[in-house]
Amino acid sequence: LNFLKKNKQQVYSKIDRLGGMARKGLAKLFAESGIPCQVTGVGSLFLMHFSTTNVHDATDVATSDRDLLRNYHLALIANYGIFFLPTKMGALSYVHEEGDVKKLLEATEKIITESELFKHNS
């Protein structure tokens, strides 16, 4: 906490930039693959909602494909060592680097192109 107090601008600037990089990259990958997904979040937080409906409220989140989200998160954990609490949002911390976001995007691209997970959605 002392480090954060002394370096608040540096910390938040970095994690917010990484969060934006993750949201933008994930949204682009899913859009280019024809997979209906809205990527939401703010700052260092992000979450994917597999749905054709834009996410505006809790009802939109609840009606998204949570099973697909869980299976996507489990594929990241099992095959790429990228940990998510299944169906929960991603969060980047100060120890993360651009390489970590790139690893997430590369893993997501492989899951999209090489696994059966998204075949019925594209």
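Residue pairs whose Cβ atoms lie under 8 Å apart, separated by 6 or more positions or on different chains, with the first residue in segment 11-28 and without any contact (Cβ under 8 Å) to a residue 24 or more places away in the chain and under 14 Å from residue 90 (Cα atoms) and the second surrounded by fewer than 19 Cβ atoms within 10 Å (Cβ to Cβ) and of a type outside the set (S, T, N, Q), are 23/41. When you scan segment 99-114, how many residues do you find that are more than 20 Å from residue 47 (Cβ to Cβ) and out of contact with any Ser or Thr (no Cβ under 9 Å at 6 or more places or on another chain)? The qualifying residues number 3.
Scanning segment 34-57 for residues being more than 12 Å from the chain's Cα centre (by Cα) and either free of Cβ contacts under 8 Å to residues at least 40 places away in the same chain or open to solvent by less than 40 Å² (accessible area, probe 1.4 Å) (or both) gives a total of 9. In segment 1-51, which residue that is outside any loop (DSSP other than H, G, I, E, B) and aromatic (Phe, Trp, Tyr) is nearest to residue 62 (Cα to Cα)? Filtering first and then ranking leaves 46. Number of residues in segment 63-88 that are exposed (fewer than 13 other Cβ atoms within 10 Å of the Cβ) and either within 19 Å of residue 23 (Cβ to Cβ) or within 14 Å of the chain's Cα centre (by Cα) (or both): the value is 3. State which residue pairs qualify: first residue free of Cβ contacts under 8 Å to residues at least 40 places away in the same chain and over 16 Å from residue 112 (Cβ atoms) and inside segment 76-87, second residue open to solvent by 80 Å² or more (accessible area, probe 1.4 Å) and in a loop (DSSP other than H, G, I, E, B) in any location, beta carbons under 9 Å apart, and separation of 6 or more residues or different chains. Within 9 Å, the pairs are 77/83. So is residue 85 touching a His at 6+ places or on another chain (Cβ under 9 Å) and at pLDDT below 95 or not? When the stated conditions are applied, residue 85 passes them. The residues on offer are 28, 6, and the sole one that is of a type in the set (D, E, K, R), modelled with pLDDT of 95 or more, under 20 Å from residue 115 (Cβ atoms) and open to solvent by 60 Å² or more (accessible area, probe 1.4 Å) is 28. Once segment 89-122 is narrowed to residues that are of a type in the set (Gly, Ala, Ser) and assigned to a helix (DSSP H, G or I), the residue that is least open to solvent (accessible area, probe 1.4 Å) is 107. Across segment 9-25, the qualifying residues are those that are open to solvent by less than 30 Å² (accessible area, probe 1.4 Å) and in contact with a helix residue (DSSP H, G or I) (Cβ under 8 Å, 6 or more places away or on another chain), and the one among them that is farthest from residue 86 (Cα to Cα) is 11.
The values are calculated or read from the model by the stated rules, or taken from the named source; none is laboratory data. From a predicted model like this one, the values you see are computed outputs, not experimental measurements. Please note: Cβ atoms are built from the backbone with ideal geometry, for glycine as well, and neighbour counts cover all protein chains shown. Heavy atoms of the whole protein, side chains included, go into the accessibility calculation; ligands, DNA and RNA do not. Shrake-Rupley method; radii C 1.70, N 1.55, O 1.52, S 1.80 Å.
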